[in-house]
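Structure first, then comments.
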Amino acid sequence: MVAFIVLALGVLASVSAVVPGFAALLAGSRVYLLVASLFGLLAFGSGIVTVVNATEYTLAIMVIATVVLWAMATLRHASAHRRTAVTR
């Protein structure tokens, strides 16, 4: 059940963050886009496997990948606000 909840929250967060700002995401850092996409695929894939097989190993992978994505997004948002404040 935990895996399903984490997976659902991850998908909802991804859709709400990426879909409205997809053009800006494509115009931004390609490295960030690649790394975030890889971790997103890892989180999604391990989440599906966890829901189907219910293994602690794949649950740990999904949670770690989700935390890494959260940290990446937080750092990106913080640095974007810092750049905006400096240029104003």
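The values are calculated or read from the model by the stated rules, or taken from the named source; none is laboratory data. Given the structure is predicted, the values throughout are model-derived calculations rather than measurements. As a convention, Cβ positions derive from the backbone with ideal geometry for all residues, glycine included, and neighbour counts pool all protein chains shown.
Select, from G28, G45, the only residue that is modelled with pLDDT of 80 or more and more than 12 Å from the chain's Cα centre (by Cα).
Matching residue, one of G28, G45: G45.
Does segment 12-25 contain at least one residue that is modelled with pLDDT of 75 or more and of a type outside the set (K, R)?
yes
Note down all Cβ pairs under 9 Å where the first residue falls in segment 29-57 and is without any contact (Cβ under 8 Å) to a residue 24 or more places away in the chain, the second is surrounded by 12 or more Cβ atoms within 10 Å (Cβ to Cβ) and not in a helix (DSSP H, G or I), and they're at least six residues apart or on different chains.
Sorted first by the residue in segment 29-57, then by its partner, the pairs are V49/T55.
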